[in-house]
Amino acid sequence: MEPQLVIDALSARPGGAAVLALRGPRIAVVGGFVRDVLLGRDPREVDLVVEGDVRALAEQIGGNVTHHAAFLASHVSRDGLELELTQARRERYPHPGALPLVEPASLEEDLPRRDFTVNALAVTLDDAQLRAPDRALEDLGARRLRVFHDRSFIDDPTRVLRLARYSARLGFVVDHNTARLASEASLDTVSGARIAGELRLMLEEPDPVVPLATVATRLQLSVDPSLVARALALAPADAERSLTILAAVAREAPADWLDSLELTARERAVIRSAEHAPLLAAAAVAARRPSELRDALRDVPVEAVAIAGALGASEEARRWLGELRHVKLEIGGDDLLAAGVPAGPELGARLERTLRRKLDGEIAAGREAELASALGSGA
Ligand code: CTP
């Protein structure tokens, strides 16, 4: 394994030269960046581990700097460079599933506290040396995920979810003992908010369905890959991809479990709509004209409409999402007021009826026809 490749990849990053020019305590690039470069993959964020205070180093680089004193960490954002600096630490878990208590330590102590051996590789910047704890290189070569010790999933059960995510993303096998430990680990000690955090990371993966299916039972999800694919194909550009997938897999989950995850109001609302997706699909298919399709789908988030489409109303969902929901009147309330209609519910009702006629092709195009319709008797 050639550590110089990691240094070269770092120097090729925007702002990489500034990172390599840092002076101070011993610094190493660590984790996913090293793993991915050595695998020939495109690395994502740059993580640095520092034997000493990270604040001063972060300020040396400059840009937008955020400090997280309690976590001995700083984040730098500068001209396309996203850099996470953490002080080398040892960790103690006050009880299973809790956030660890951290205290400064050496780089050598820091590496084996991590989740999997292949995530614990580091390259020190001053001498371009690879720092690899026991078995890390062997596991990287074998494309294998392995925890460092038997308590790993007890200390931090979110690693069970990370295991599924890395295994799917990297195409790595899971070491036998690690798989057994993961299957025995309980998520009960972890807060819902942390589980939701890991779930969101999974949803952001290029292909989230495989890791979601791996943890479906634990997270009380129903993962139907073909349904997810159909919903994504129907989802319009303004749909949030991760939310479409979340709602597709969580729509049958028990409400009290979903509540415990402390999801955002928007996530919860879209899942709640998706719970009714079979009924929405039936109502959409039963609609005899565009205005009735609007009645069925108008207040439904686009992500949930895509799921209803995937459940049997694909033509209707496509028509609503691609065309009908964008149909607006050219006239507004002001036009009716100017024509003498008094303010009040009557005005809204006239506009609503005119829009229905427009959707159903019952009036000619243009303002004049809309106005005539809105003002006409029986409107
Ligand atoms: N880590 C861990 N246990 C966790 C979360 C993170 O040991 N529950 C460690 C990982 O081993 C990693 C580092 O903390 O080395 C940073 O985690 P993260 O930012 O999630 O991983 P990256 O390496 O930045 O990203 P990637 O997803 O590409 O691996």
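The values are calculated or read from the model by the stated rules, or taken from the named source; none is laboratory data. This one's a predicted model, so the numbers in the text were calculated from it and none came from an experiment. Note that we place each Cβ from the backbone using ideal geometry, even for glycine, and neighbour counts take in every protein chain shown. Accessible surface areas use protein heavy atoms only, side chains included; no ligands, DNA or RNA. Shrake-Rupley method; radii C 1.70, N 1.55, O 1.52, S 1.80 Å.
Assorted remarks:
- Residue in region 99-114 that is outside any strand (DSSP E or B), of a type in the set (Asp, Glu), open to solvent by 40 Å² or more (accessible area, probe 1.4 Å) and without any contact (Cβ under 8 Å) to a residue 12 or more places away in the chain present: no
- Residue count for region 79-118, restricted to those that are more than 18 Å from Val50 (Cα to Cα), of a type in the set (Asp, Glu) and either in contact with an Asp or Glu (Cβ under 6 Å, 6 or more places away or on another chain) or more than 10 Å from the ligand (Cβ to nearest atom) (or both): 1.
- The listed residue being over 25 Å from Ala193 (Cβ atoms) and not assigned by TED's automatic domain parsing to the domain that holds Val190, out of Ala235, Ala247: Ala235
- If only residues of region 307-323 that are of a type in the set (D, E, K, R) and touching a residue at least 12 places away in the same chain (Cβ under 8 Å) are counted, the one that is nearest to Ala235 (Cα to Cα) is Arg318.
- Pairs with Cβ under 6 Å, 6+ apart, first in region 69-93 and under 21 Å from Val190 (Cβ atoms) and without any contact (Cβ under 8 Å) to a residue 12 or more places away in the chain, second away from the ligand (no atom under 11 Å from the Cβ) and assigned to a strand (DSSP E or B): Arg92/Leu101
- Options Arg162, Arg143, Arg218, Arg151; residue that is within 14 Å of the ligand (Cβ to nearest atom) and within 26 Å of the chain's Cα centre (by Cα): Arg162
- Tallying residues that are open to solvent by less than 50 Å² (accessible area, probe 1.4 Å), away from the ligand (no atom under 15 Å from the Cβ) and without any contact (Cβ under 8 Å) to a residue 40 or more places away in the chain within region 19-39 yields 1.
Yes/no per residue for (1) touching an Asp or Glu at 6+ places or on another chain (Cβ under 7 Å); (2) farther than 28 Å from Arg162 by Cα:
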residue	(1), (2)
Leu20	no, yes
Ile27	no, no
Arg35	no, no
Asp47	yes, no
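- Those residues of region 326-373 which are among the hydrophobic types (A, V, I, L, M, F, W, C), open to solvent by less than 60 Å² (accessible area, probe 1.4 Å) and either over 45 Å from the mean Cα position of the chain (by Cα) or more than 15 Å from Ser291 (Cβ to Cβ) (or both), in sequence order: Ile331, Leu336, Ala339, Val341, Leu347, Ala369, Leu371
- Of the set (1) surrounded by fewer than 19 Cβ atoms within 10 Å (Cβ to Cβ); (2) within 27 Å of Pro25 (Cα to Cα); (3) not β-branched (Val, Ile, Thr), all apply to Glu138 but (2).
- Test: residue in region 240-249 that is more than 26 Å from Leu201 (Cα to Cα) and open to solvent by less than 60 Å² (accessible area, probe 1.4 Å): no
- Output for region 221-269, where each listed residue is in contact (Cβ under 8 Å) with a residue 12 or more places away in the chain, under 16 Å from the mean Cα position of the chain (by Cα), farther than 26 Å from His326 by Cβ and assigned to a helix (DSSP H, G or I): Val249, Ala250
- Scanning region 40-63 for residues that are assigned to a helix (DSSP H, G or I) and either surrounded by fewer than 15 Cβ atoms within 10 Å (Cβ to Cβ) or within 13 Å of the ligand (Cβ to nearest atom) (or both) turns up at least one hit.
- Whenever a residue of region 277-298 is of a type in the set (S, T, N, Q), its partners that are open to solvent by 30 Å² or more (accessible area, probe 1.4 Å) and not in a helix (DSSP H, G or I), lying with C-beta atoms within less than 9 angstrom and at least six residues away or across chains, give the pairs Ser291/Asp360.
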